[in-house]
Amino acid sequence: MADEKLQIVRHSCAHVMAEAILNLYPGTKIAIGPAIDNGFYYDFDFPEGTKFTETDFPAVEKEMRKILAGNHEFIRKEVSKEEALKLFADQDYKVELINDLPADATITTYEQDGYLDLCRGPHVSTTKEINGQAFKLDKIAGAYWRGDSNRPMLTRVYALCFAKPNDLKDYLTMLAEAEKRDHRKLGTEMDLFHLDPEDPGQIFWHPNGWTIYTTMQDYMRKMVRRDGYQEVNTPAIMPRSLWERSGHWGHYQKNMFITESEKRLFAIKPMNCPGALEIFKSRQRSYKDLPLRLAEFGHDVRNEPSGTLHGVMRVRGFVQDDAHILCTEEQVGAEVAKFCKLLKTVYHDFGFDELVVKFSTMPDDHVGDLETWERAEKALADACHEAGLEFEIQPGEGAFYGPKLEFKLYDCLGREWQCGTIQADFQLPSAERLDATYIGSDNQKHHPVMLHRAILGSFERFLGILIENFAGAFPTWLAFEQVAVVPVSSEFDDYAKKVNDELLAHDIRSNAYLGEENMKAKIKTISTEHRTPYVLVVGQKEQDEGSVCVRYRFSSKKPQETMKLADFVAYVEDKINTHFVGI
């Protein structure tokens, strides 16, 4: 979120945009217009027959700059509810907002240049404080009034707004670069996956994309095994009774796909935690068994609204690199610290070293008593300190069953992504929920603490982030095609095949591009569609010497060199085994 001063500028600019649109389109109804990251938006109900499109943006921007040039003062007034209803009698959405306020409420309005709006503020002093060259109308979207699909559909106009023109220019440059890197565009160009409109939110992975996906999964499987986890797998469909006991039926049912069999209701699992506890409960556990770390690459399905779906970033069906740690309360600190160390190693191997940690505390919609929540929050905070982590508090943003840490990473464009998380859960294993117990050193039954954690989050979303971060040019260890072998002519196809077979024998993902097609055409396909890290060109010299001419992807400093095939194999194996992010 931008600094407070800039957010005030953005909110004030939203009022100027609303004034400009009312000037150009009399009879328009105005709804709400808050500041958001990178700008603001305002929701409008245009008069019947008015078709407002992005082609109208230049006229609105011109009118806005005309208003700003007048150096108008933002005038704040306090009015009663009765006065407010009179002032906004011709603005139906404002009237509804006013009627929802208590009878004795003190209501504030802001006026500039004759334009009056219902607003708590604050705003800049005058329109002169808004730089007329540092904003730009961005896009249009539909938005139901108050988010209710049964209410009118309004036109939401988004705008970008920054303190300085150069800041806006830099942001527009970043957006243009982000558009080039859009994972949906690259997913098609590189034949990674496709999305079927008949099956929204589900990904059809093609061989190229699935190779990357399984490479990620194999890597995570190796990392968690080394870190003391045991892998499990739980059913995709579980009975309503289990979801009721866990609390998910009461708190998450709207996002669950429900099915019925033999007069019993079942749900396709949207998360894996109840299944992990059922495994823990399958036999009597001892304190000597703890901590018990259960990892699961669980396939989950959530009934997300179709309008929120976005490529592989926001889907209905996905797989998490999920795990649940059952431990004593005294072990929470060490386990969280251990997890943080693993998370930082994994992120580094994927090329992310800059992290921000957020600490989310008890939400209003929670289960369990205050004392238990306080213990859980203290345990997590103490663990953060033990791990040497600084964090920002997100009040009320925890899960309904426990507080959590969220780990946010930054890609090469400076965009923030929330991926990893760990949650301290004192509720789900309790007697009131799924009643998981272990025998303590005192020979008495105790309830474990359950730590829910993920590093990548969903494989689908994380792979989407990687596609955009690397613009499809994956590090060697992740690339679906690590090496391409290209003969200078079909005369050297046999040697190209021999080189390719040797690479495959060393588990290097390689393809030989044989046949009559022109060598330059082959290399262009390899470079643009596959973005292969290494292209080996072989001809008479290479065949005679048992060597390869190596062309490095996108490298001007090291465009190509000749080396013995055995040396090249060793070189690539080192890049793969060390998870090297460069070439």
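The values are calculated or read from the model by the stated rules, or taken from the named source; none is laboratory data. Just so it is clear, the model here is predicted, and its values are computed rather than measured. For neighbour counting, all protein chains shown are included, and Cβ atoms are generated from backbone atoms with ideal geometry for every residue, glycine included. Quick note on the areas: whole protein, heavy atoms, side chains included, nothing else; ligands and nucleic acids left out. Shrake-Rupley method; radii C 1.70, N 1.55, O 1.52, S 1.80 Å.
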With θ set to phi - 60°, apply the Karplus curve 6.51 cos²θ - 1.76 cosθ + 1.60 along the range 131-137 and write out the HN-Hα couplings as whole Hz, x wherever there is a Gly or Pro. 6, x, 9, 10, 10, 7, 5
Which shape class, rounded, prolate or oblate, goes with the range 218-357 when its Cα gyration tensor gives a ≥ b ≥ c as root eigenvalues, a/c under 1.5 marks rounded, and past that a/b bigger than b/c marks prolate? oblate
Run through every distinct alpha carbon pair of the range 274-392 and return the Kirkwood hydrodynamic radius in angstroms, one decimal place. 17.2 Å
Can you pull the percent of the range 73-208's accessible area that's carbon plus sulfur, 1.4 Å probe, other chains left in place? 47 percent
Which number comes out as Rg/Rh for the range 158-232 once both Rg and the Kirkwood Rh are worked out on C-alpha atoms? 1.20
Which of Leu413, Met238, Val499, positive extreme of dipole for the chain (C-beta unit charges): Val499
Work out the FRET efficiency for Leu413 and Ser149 from their Cβ-Cβ distance, taking R0 = 30 Å, and round it to the nearest 0.05. 0.35
Which order do Asp45, Asp365 take by accessible area at a 1.4 Å probe, largest first? Asp365, Asp45
With θ set to phi - 60°, apply the Karplus curve 6.51 cos²θ - 1.76 cosθ + 1.60 along the range 309-316 and write out the HN-Hα couplings as whole Hz, x wherever there is a Gly or Pro. 5, 8, x, 9, 7, 9, 10, 9
Long-range amide H contacts for Leu265: which residues qualify at under 5 Å (H placed 1.01 Å from N, peptide plane, sequence gap of 5 or more or a different chain)? Arg240
Stretch gain in nm, segment Thr562-Thr126, where the contour uses 0.36 nm per residue and the Cα spacing is subtracted: 150.3 nm
Counting only heavy atoms of protein chains, what accessible area per residue, in Å², does the chain have with a probe of 1.4 Å? 47 Å²
Given a 1.4 Å probe and heavy atoms of the protein chains only, how would you sort Glu4, Glu545, largest accessible area at the top? Glu4, Glu545
Consider just the alpha-carbon atoms of the range 98-159 and return their Rg together with their Dmax, both in angstrom. 15.6, 42
With N residues in the range 74-209, what two-decimal value do you get for its Cα radius of gyration over 2.2 N^0.38 Å? 1.56
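Need one number: convex hull volume per residue for the chain, Cα atoms only, in Å³.
Once divided by residue count, the hull of the chain is 214 Å³.
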For a quick check of your reading of the filter: which GluC sites (Glu not before Pro) in the range 394-440 sit in a DSSP loop and have no more than 16 other Cβ atoms within 10 Å? Glu397, Glu432
So if each residue of separation counts as 0.36 nm, and I subtract the Cα-Cα distance between Ser241 and Arg225, what length gain in nm does that give? 2.5 nm
Percentage relative contact order, the range 329-460, counting C-alpha pairs under 8 Å, at least six apart: 25 percent
Tally up the carbon and sulfur contribution to the accessible surface of the range 431-583 as a whole percent, 1.4 Å probe, everything protein left in place. 47 percent
When ranked by the protection proxy of mean other Cβ atoms within 10 Å per residue, highest first, what sequence do the peptides 30-43, 417-430, 101-114, 56-69 form? 417-430, 30-43, 56-69, 101-114
Given 10 °C, 1.306 mPa s and a Kirkwood radius over Cα pairs, the Stokes-Einstein diffusion coefficient of the range 40-85 in µm²/s is 112 µm²/s
Would you mind calculating the relative contact order of the range 236-379 from Cα pairs under 8 angstrom and at least 6 residues apart, reporting the percent as a whole number? 18 percent
